[in-house]
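Structure first, commentary second.
Just so it is clear, none of the values below were taken in a lab; they were calculated from the coordinates. From a predicted model like this one, the values you see are computed outputs, not experimental measurements. All Cβ positions, glycine included, derive from the backbone under ideal geometry; neighbour counts span all protein chains shown.
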């Protein structure tokens, strides 16, 4: 490839650098001007970067097209989900070949009843480059649908109400909403709205036909660390209103039949106390970390829910993280993680007996839902692994029998026995054992010659999912090994695993990842010149920090909407997420915490050194990681790096944090990402025809 990776310099000369002095140190931000979204010069700069990306990636397009055709050929384009029962009706989502978006449907009263389309997202998306549905809630009588849409990718949702009997939209329209639920009367909505920083902070009550500007305020959250939401209990008897920061929770409730009632507080917020609530008759069942970081389960009378009345139902365990509690009429299901893998525990209320739902594969994902019915003995859950396609089961909580209702069909003769899944452990520099999930074709030799894609995340206590993705088959069939580093900062090993990779311990996230990369080379899974690392959002922060600490760690890196300007973003409390995330990264206005962030911030620590090849995707309307973070990062990197490796930035000018909203458009982006990786792994020469799977 002959393209010069240094030819795409910013077309507009940087303005005077912005200087920030904190705690005795002056930092110079040379590319702060790229924050000016409405500046035509910024648009010109991003479009020039896109044109340059097209030049560099152009020779890969035949391969990307080949990958796209392979990926699409494995997908059942016309398909539908397993219906679930809710308020006597059966609801499902289906897709049609050639159409970008899903279609929401129901059958009234019986699974055999005629189909009714409640919401065709393809129709909503006509003439729009982006479309996302947020809220989707049907009134108790089944007549009205409250739904919200975002048409830019900025996650700024407008709530509307559709009369499902006539198909007409009601004049009720409310902007900047997040969560929404119906009261029992089918005419009253409870919803949350956002402030200027996109923080949900107010809960309102709306009666159909009324002027939204006059909607009564139910609750307002004035602490910028907390976000609010509202939802209906599975029992249908209550409406919950929750306020939560990253480390504390406060819950209220009101009867669903009395939406004008004042909410009742369950337990006041306390530092480091997180809890959530489900309802059963005269009792609340509460997941709480008051006795340990991995949470326990208690119950308390609805009539007197204060903490002094809490009664333990399931004790805290150091070995098992409780992630969710689902309460039904006769059973409670506690879902969590043990040794990094999901686990389900079931209690029958009649005799307080417990049993477990078992799974067999060495790495998998399992999650409850949707389970909308309260009076049932059936648990609906989803299951998948890196080699088992997404599967939907119904599990009888009494007989303990399970029925497979559907497993996603992978077209083209997919054979899971061709692949193997492994769980490894790698010692971090401080001796902690870091789990690693490996997926590969069974016949790939572990002699150091195989290409490998190592991915990770490691933030917010989020466990990196070990899910099935049919698009990866194109990589596996070309001999690529997929590795997932379950680094500290994630939630794979419970809340302590998260604690060990946040705030003052954040550096563990990056050194864990480097240790895994080194181990993959040392153990013969790959070689340094065939290893490509990747991560998105906070996972992009992971990759950016790793590249500064060990730029020789891999041949190339792929970063999606990367959070790489941490130090500057955490100083701007007008941005979405900033204030709340001081509890994840630290507050730079506090001396000690400033230095935590200063030590690893990717943008701040760019230096004159060789970097590997880098491909970055971002979106102009991203409200979580603003486009200017990767744009600034690339602009600065171009002036500092001393190598001739490709540095490519592509900005989607019509999308948000998740990239393109249409499924075919998104698949095309993924195909190009994979083509870039295969190029850097040495599996393809762009000057020749695309390599066919072997």
**Prompt:** What does a probe at residue 610 reach in the stretch 40-62, counting residues whose amide N is under 15 Å from the point 7 Å along Cα→Cβ?
**Reply:** none
**Request:** Could you tell me what fraction of 2.2 N^0.38 Å the Cα radius of gyration of the chain comes to, as a two-decimal ratio?
**Result:** 0.97
**Asked** Gap in Å between the Cα centre of the stretch 292-347 and the Cα centre of the stretch 463-512?
**Response** 26 Å
**Prompt:** Which value results when the Cα radius of gyration for the stretch 337-450 is divided by 2.2 N^0.38 Å?
**Reply:** 1.35
**Item:** Highest to lowest packing among 417-429, 546-558, 459-471, 18-30, scored as the average C-beta count within 10 Å
**Value:** 546-558, 459-471, 417-429, 18-30
**Asked** Between residue 16 and residue 590, what length comes free when the chain is fully extended (0.36 nm per residue of separation minus the Cα-Cα distance, one decimal in nm)?
**Response** 203.9 nm
**Item:** Length added when fully stretched, residue 113-residue 356, from 0.36 nm per residue minus Cα-Cα
**Value:** 83.9 nm
**Complete:** Note on the stretch 528-599: contact order normalised by length, alpha-carbon pairs under 8 Å, 6 or more apart, percent, works out to 26 percent
**Request:** For the stretch 35-55 and the stretch 197-224, write down the distance between their C-alpha centroids in whole Å.
**Result:** 38 Å
**Asked** Rounded, prolate or oblate: which fits the stretch 137-273, taking a ≥ b ≥ c as square roots of the Cα gyration tensor eigenvalues, rounded meaning a/c under 1.5, else prolate when a/b beats b/c?
**Response** oblate
**Message:** Given an 8 Å cut-off on Cα distances and at least 6 residues of separation, report the relative contact order of the chain as a percent.
**Reply:** 12 percent
**Request:** Only bridges with both residues in the stretch 393-550 count here: give the DSSP antiparallel percent, nearest 5.
**Result:** 60 percent
**Prompt:** Antiparallel DSSP bridges in the chain: what percent, to the nearest 5?
**Reply:** 85 percent
**Message:** Which of rounded, prolate or oblate describes the stretch 574-694 when judged by the alpha-carbon gyration tensor and an a/c cut-off of 1.5?
**Reply:** oblate
**Rh by Kirkwood over Cα pairs, then Stokes-Einstein D for the stretch 465-513 at 1.002 mPa s and 20 °C, µm²/s** = 173 µm²/s
**Pairwise centroid distance, computed over Cα atoms, of the stretch 64-88 with the stretch 650-681, Å** = 18 Å
**Fill in**
Note to self, the chain gives a 222 nm [θ] from helices alone (DSSP H runs n ≥ 4, -39500 (n - 2.57) apiece, / all residues, nearest 500) of -5000 deg cm²/dmol
**Message:** Once the convex hull of the alpha carbons of the stretch 282-409 is built, what does its volume come to per residue, in cubic angstrom?
**Reply:** 108 Å³
**Complete:** One quarter of the C-alpha convex hull surface, i.e. the mean projected area of the stretch 88-211 in nm², amounts to 8.4 nm²
